[in-house]
């Protein structure tokens, strides 16, 4: 989506005024009749910065498909009582990415899903890493909103899935990208874990400090090759982003 935001450069900084594009929280529809599995998936999704929504019947799914805010669907084929191939085709018609959780004895159903346009097959027992990889491949939905102006060093350019630093593109998951933006806007300041949770996570009360540390660790690894940029832990306080470019202070 285009934005009416304007920007100009002043002494090595790019000022973004009035309006900018931000990523709204991706909503994942979970089609399942297994309450225990849904609670587990919802916890993983929220920890990764997504919102979970339950579709426990075909009526729920059809209603959800009429909503423009569904980014992807997780289809629990083990517990679903009706034709999963037909349901997958219906979901694909909405343009959403579809991941299917299937058991090892569901080869015939797997073939039906592939023919229906399935994007990702995730075998049960559930592999969290496989699920997270599927989630990170989902395209975020940009939305223009009015926000206070902010300034970033001119070396930084943001894309939907990445940040370009001095011409080098670093691909980031949606949640890590939001964390990085928050830290960059507070460049040189200490951000507590509580501040990060409240600013970045859609449901901050369902995740804890350890989750913040995990995602900060991913960011540190992503930017490990940059000698002039690092995210430093401040013992007992939180984290701060340090950038020592040609212009490193306001």
message = Being more than 29 Å from residue 212 (Cα to Cα) and in contact with a helix residue (DSSP H, G or I) (Cβ under 8 Å, 6 or more places away or on another chain) is the requirement here; does residue 61 meet it?
response = yes
query = Does segment 32-55 contain any residue that is farther than 23 Å from residue 162 by Cα, over 24 Å from the mean Cα position of the chain (by Cα) and either at pLDDT below 85 or assigned by TED's automatic domain parsing to the domain that holds residue 213 (or both)?
reply = no
ask   = Name the residues in segment 27-52 that are in a loop (DSSP other than H, G, I, E, B) and closer than 17 Å to residue 125 by Cβ, would you?
value = 32, 34
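Just checking, does segment 60-75 include any residue being in a loop (DSSP other than H, G, I, E, B) and more than 25 Å from residue 136 (Cβ to Cβ)? Walk me through it before giving the result.
Residues of segment 60-75 in a loop (DSSP other than H, G, I, E, B): 66-69.
Remaining after also requiring more than 25 Å from residue 136 (Cβ to Cβ): 66.
Looking through segment 60-75, at least one residue is in a loop (DSSP other than H, G, I, E, B) and more than 25 Å from residue 136 (Cβ to Cβ).
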task = Just one of (1) closer than 22 Å to residue 201 by Cβ; (2) in contact with a strand residue (DSSP E or B) (Cβ under 8 Å, 6 or more places away or on another chain) trips up residue 48, so point out which.
result = (2)
task = Could you tell me which numbered condition residue 196 fails, if it satisfies all but one of (1) in contact with a helix residue (DSSP H, G or I) (Cβ under 6 Å, 6 or more places away or on another chain); (2) over 19 Å from residue 43 (Cβ atoms); (3) modelled with pLDDT of 90 or more?
result = (2)
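Please verify whether residue 241 is surrounded by 14 or more Cβ atoms within 10 Å (Cβ to Cβ) and either in a loop (DSSP other than H, G, I, E, B) or modelled with pLDDT of 90 or more (or both), treating the condition exactly as stated.
Working: surrounded by 14 or more Cβ atoms within 10 Å (Cβ to Cβ): yes; either in a loop (DSSP other than H, G, I, E, B) or modelled with pLDDT of 90 or more (or both): yes.
Yes: the conditions hold for residue 241.
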request  = Name, by its number, the condition in (1) farther than 21 Å from residue 117 by Cβ; (2) touching a residue at least 24 places away in the same chain (Cβ under 8 Å) that does not hold for residue 42.
outcome  = (2)
request  = State whether the residues of segment 131-138 include one that is under 25 Å from residue 176 (Cβ atoms) and modelled with pLDDT under 80.
outcome  = yes
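The values are calculated or read from the model by the stated rules, or taken from the named source; none is laboratory data. Only a predicted model underlies this, so the values are computations on that prediction, with no experimental measurement involved. Ideal geometry is used to build each Cβ from the backbone, glycine not excepted, and the neighbour counts take in all protein chains shown.
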